[in-house]
Amino acid sequence: MQLVYETTNKPVQIGDVTETFRGESVVVLGIVKPHKPSSTGRVYVKFVDTTSSGQEFFPSVINAKWIDREDQREQDHEIEMYIAMRYMK
């Protein structure tokens, strides 16, 4: 599982300076992987133009997405098996 920028598919890394969907410059301080298939995880960022501490956001706020999510593949397989068993009767 890897967090990448949607436009470039380059990995998101600690220390990256990027922009939010609102055009605000931020520095990536941390990345938290999703803890279950329905989770998106979080990114911790600090706004460049302020002295405030870091803030927590969904990855989509910095135009990022997870790829190669093994946990969602397992969930998809379980759903397919349920559908197959239900309609085989």
- Solvent-free Debye scattering, log10 I(q)/I(0), computed from the Cα coordinates of the stretch 1-45 at q = 0.18, 0.22, 0.25, 0.28 Å⁻¹: -0.56, -0.82, -1.01, -1.16
- Using a cut-off of under 20 Å, list every residue of the stretch 49-67 whose amide N is near the label point 7 Å from the Cα of S38 along the Cα-to-beta-carbon line. 58-60, 66
- Query: Out of residues 5 or more away from D16 or on other chains, whose amide H comes under 5 Å of its own, with H placed 1.01 Å from N in the peptide plane?
  - Reply: V28
- Message: As an exercise, use a Förster radius of 25 Å and the Cβ-Cβ distance of N9 and L29 to find the FRET efficiency, rounded to the nearest 0.05.
- Response: 0.70
- Between Q2 and N63, what is the spin-label point distance in nm, taking each point 7 Å from the Cα along the Cα→C-beta axis? 2.0 nm
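Read the figures in this text as sums done on the coordinates, not as results from a lab. Computed from a predicted model, the values in this text were never measured in an experiment. So basically every Cβ, Gly included, is an ideal-geometry build from the backbone, and we count neighbours across all protein chains shown.
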